[in-house]
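Below is one structure, written out as structure tokens; the observations come after it.
The values are calculated or read from the model by the stated rules, or taken from the named source; none is laboratory data. No experiment lies behind these values; they were computed from the predicted model shown. Virtual Cβ from ideal backbone geometry, glycine too; neighbours counted across all protein chains shown.
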Amino acid sequence: MKKIIVLIVLMFLCFSGNAAETVLTEQNRAKRAEQPYKYLGEYTIFAYCPCVACCGKSDHFTASGKMAVEGVTVACDMEFGTELTIEGVGERIVQDRGGAIYGKCIDMFMESHKEALKFGVRKVKVWEKE
Ligand SMILES: [Zn+2]
């Protein structure tokens, strides 16, 4: 009789173990669906404008050949066209390069030099759209 009880307990443990695993997998799947982004880590973000002080030139052309657009363009050392989600900022696309912008740095394009200065330097979490 004891053996049967042990067997039942074992079966129960195995079953509940599997059930827990199934729930966990489903949670992971739900999480992935909510967030189809790859977390890249914390980045230091600055802002720049198309003025001579920020760029050494004053046209709107980025290193990728596209016109810089506020609310779209960021510069960093990732591949052009990479779509990023930046904490507290929103979605941006990598379209530019900067001499001092490498590693965990992002430079965000803004139309106004004043606004760019006001933005300052921030530490933000960054995700890449996959
Ligand atoms: Zn500027």
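When the residues of segment 106-130 are filtered to those that are away from the ligand (no atom under 16 Å from the Cβ) and under 25 Å from Val52 (Cα atoms), the one that is surrounded by the fewest Cβ atoms within 10 Å (Cβ to Cβ) is Arg122.
Residues in segment 71-119 that are in contact with an Asp or Glu (Cβ under 7 Å, 6 or more places away or on another chain), among the hydrophobic types (A, V, I, L, M, F, W, C) and either outside the structural domain of Cys51 (by TED's automatic domain parsing) or closer than 19 Å to Pro36 by Cβ (or both): Leu84, Ile93, Val94.
Scan segment 36-68 for residues that are of a type in the set (D, E, K, R) and under 25 Å from the mean Cα position of the chain (by Cα) and the total you get is 3. Screening Gly103 with (1) within 17 Å of Glu42 (Cα to Cα); (2) at pLDDT below 95; (3) buried (at least 18 other Cβ atoms within 10 Å of the Cβ) gives one miss only, at (3). The strands (runs of 3 or more DSSP E) located wholly in segment 55-107 that include 1 or more residues which are small (Gly, Ala, Ser) and in contact (Cβ under 8 Å) with a residue 24 or more places away in the chain occupy 73-75.
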